[in-house]
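Taking it in order: structure first as structure tokens, then the write-up.
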Amino acid sequence: MIFDEDTNTEYQSKINMVSDNLEKVLKNCELVIITVPAFAIKDLIVKVFKIIDIETKVLFYPGTGGVEFYCKDFIKKGGKIYGTQRVCSVARLKEYGKSVITSGKRNHMFVGSIPSNCAGEFKKFIENKFDIDTTVLPNYLSVTLTPSNPILHTSRLYSIFEDYNKECGYKYIPLFYEEWDNKSSKILIDADNEVQRLCRKINLDLNNVKSLLEHYESKNKEELTKKIISIKSLKGIPTPSIFKNEQLHPDLDSRYFTADFPYGLMVIKAICLIYKMETPMIDKMLFWYQKLVKKEYLVDCDHLGIDSKEISITSRL
């Protein structure tokens, strides 16, 4: 069951099959939709590609996280992949295995594909299934560089936990969106500007990689803060944290950490390295994160570290 908070409407549907047997589920499928967090995609699609036919279409929803680099062999054989810039709405679990709550449905969606001339068929699919006007993107990089969670989540986490000391922790941690502040907005704008500078360096049509200021209809950090705080569908969402030794600490196992830094921000950084573009704010966040989790994704601002081999970045093709 799905309950739409925006329209106060309940939707019910019969699920044909629920199984942990991938071969049973995927055999003879025409379409596979993959909507797991970025850190879980690699292991999943290795199994998926062993089962599906080359004619099977694969949609990543959303398609960020460098997923296309894991699909290179499938693509070389003639396979087609598709990806959306974002998901169509915010979804929260109501009752595990039975119901979810959805809110904040988008007015518009964007879809890209490899090969790039195939996305049109998914424009119709998304418009029919989700009832949302959809734009076909001219290339898949317009999906990869979308400054959504890879910039949004990481900026906020860095802003909140920049001074984190594991020996002390916190007595209070603000709500992730509802108590957003100007410090977070400033970091977000700086990182977002670096993505936009990258887009201008690349000789491709990346006009649909909209800045977050434009996405949130804001002109400065104050307006951005006000806008994010006001979004109804984002209210009440906690910052990922755990209670330990009578103090609050960041939950480093949360997907906000495990997906959006290595499989989000690092993917963008790797492309910046190809274009020899300086990214002071992105670097600052990545160096902070890798120290926090004891990894080496970057040796310095210009060179990848040993742990970058674990993730889906273009420099490893």
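Key figures for this structure:
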item	result
Length added when fully stretched, K14-V36, from 0.36 nm per residue minus Cα-Cα	5.8 nm
Under the span-like rule (Cα at least 24 Å along the axis, Kyte-Doolittle mean at least -1.0), DSSP H helices of the chain	182-201
For region 141-186, size of Cβ-based charge dipole, Lys and Arg +1, Asp and Glu -1, in debye	80 debye
Under 5 Å, built H, 5+ apart or other chain: amide partners of K94	S99, V100, I101
Rounded accessible area per residue of the chain, 1.4 Å, Å²	54 Å²
Rounded percent of accessible protein surface that carbon and sulfur make up, region 4-127, 1.4 Å probe	50 percent
Region 124-189 and region 54-111: distance between their alpha carbon centers, rounded to Å	17 Å
Label-reachable residues, region 257-277, where backbone N falls under 19 Å from a point 7 Å from Y96's Cα toward its Cβ	none
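The values are calculated or read from the model by the stated rules, or taken from the named source; none is laboratory data. Note that this is a predicted model, so its numbers are computed, not measured. Note that each Cβ is placed from the backbone with ideal geometry, even for glycine, and that neighbours are counted across all protein chains shown. The protein model used for the area step is the full one, side chains on, heavy atoms only, and it has no ligands, DNA or RNA in it. Shrake-Rupley method; radii C 1.70, N 1.55, O 1.52, S 1.80 Å.
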